[in-house]
Amino acid sequence: MKKVFVDTNFIIDLVARPEFSPVVKEVLTKGREQKIKFSLCFLSLANYCYIDRKQARDKLYENLQMFCSVFEVIPNTKQNIINSISLNPKDFEDAIQYTAALDGKCDCIITRNKKDFMEFSQIPVFTPLEFLQEIQG
């Protein structure tokens, strides 16, 4: 795998959920060692700001800067939305994430929420722990 898409919950886990952050950090560390490029979509940054809105503004912006330096940010477009609608998903936000991953030519998706992707995903979907096992062989 050369290019990996991370769902919103991955970045939330990285900075705001200590029970999940060690595995997420290990994914990033092992991935960098293997020259994997990590991507997320623009929507994930907006989702993060909404979910972690009670965070101090300075810390919120510091995290946004970090996300922009660690991850490629894939734009969301009108066509991305149209493609997401055509999937007729149970969870529209996950469909937007998926079509962004396709637009970004990602090889797989990492999320803690596999079930909502499995109804339409044509690329592999892993939890962070599954992804670690996959790249460690």
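The values are calculated or read from the model by the stated rules, or taken from the named source; none is laboratory data. Worth saying up front: this structure is predicted, and the values here are computed from it rather than measured. Glycine gets a Cβ as well: all are built from the backbone with ideal geometry, and neighbour counts include every protein chain shown. Side chains included, ligands, DNA and RNA excluded: accessible areas come from the protein's heavy atoms. Shrake-Rupley method; radii C 1.70, N 1.55, O 1.52, S 1.80 Å.
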*ARG53 accessible area, nearest 10 Å², 1.4 Å probe?*
130 Å²
*Using only protein heavy atoms and a 1.4 Å probe, report how much of LYS115 is accessible, in Å² to the nearest 10.*
150 Å²
*Just reorder CYS108, CYS68 by solvent-accessible area, largest first, 1.4 Å probe, all chains present.*
CYS68, CYS108
*Measure off, as a whole percent, the carbon and sulfur share of the 1.4 Å-probe accessible area of the chain, all protein chains present.*
53 percent
_Between TYR61 and GLU134, what is 0.36 nm times their sequence separation minus the Cα-Cα distance? Round to one decimal in nm._
23.0 nm
_Potential lengthening between VAL73 and LYS115 on full extension [0.36 nm per residue; Cα-Cα distance subtracted]_ = 12.7 nm
*What is the local net charge at ALA101, summed over the other residues whose Cβ is closer than 10 Å to its Cβ (Lys, Arg +1; Asp, Glu -1)?*
-1
*asked:* Under the rule of at least 5 residues apart or a separate chain, name every residue whose amide H is placed under 5 Å from the amide H of ILE74.
replied: LEU40, CYS41, PHE42
*Under a cut-off of 15 Å between alpha-carbon atoms, report the aspartates and glutamates in cross-link reach of LYS25, not counting same-chain residues fewer than 8 places apart.*
ASP7, ASP13, GLU33, GLU130
*Working with all protein chains in place, sort MET66, MET118 by solvent-accessible area computed with a 1.4 Å probe, largest first.*
MET118, MET66
*Could you list, in their original order, any pairs among LYS35/LYS114; LYS3/LYS54; LYS30/LYS90 whose Cα atoms are separated by more than 29 Å?*
LYS3/LYS54; LYS30/LYS90
*asked:* Per 0.36 nm of contour for each residue apart, how much would the distance between PHE42 and LYS2 grow if the chain were fully extended, relative to their Cα-Cα spacing?
replied: 12.4 nm
_As a test of the formula, what do you get for the chain when each DSSP H run with n ≥ 4 contributes -39,500 (n - 2.57) and the sum is divided by the residue count, at 222 nm and rounded to the nearest 500 deg cm²/dmol?_
-17500 deg cm²/dmol
*Accessible area in square angstrom per residue, the chain, 1.4 angstrom probe*: 55 Å²
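By the scheme Lys and Arg +1, Asp and Glu -1, what is the net charge of all other residues having a beta-carbon under 12 Å from that of PRO89?
Details: positive: LYS90, LYS115; negative: ASP91, GLU93, ASP94, ASP116, GLU119.
Taking every Cβ under 12 Å from that of PRO89, the sum is -3.
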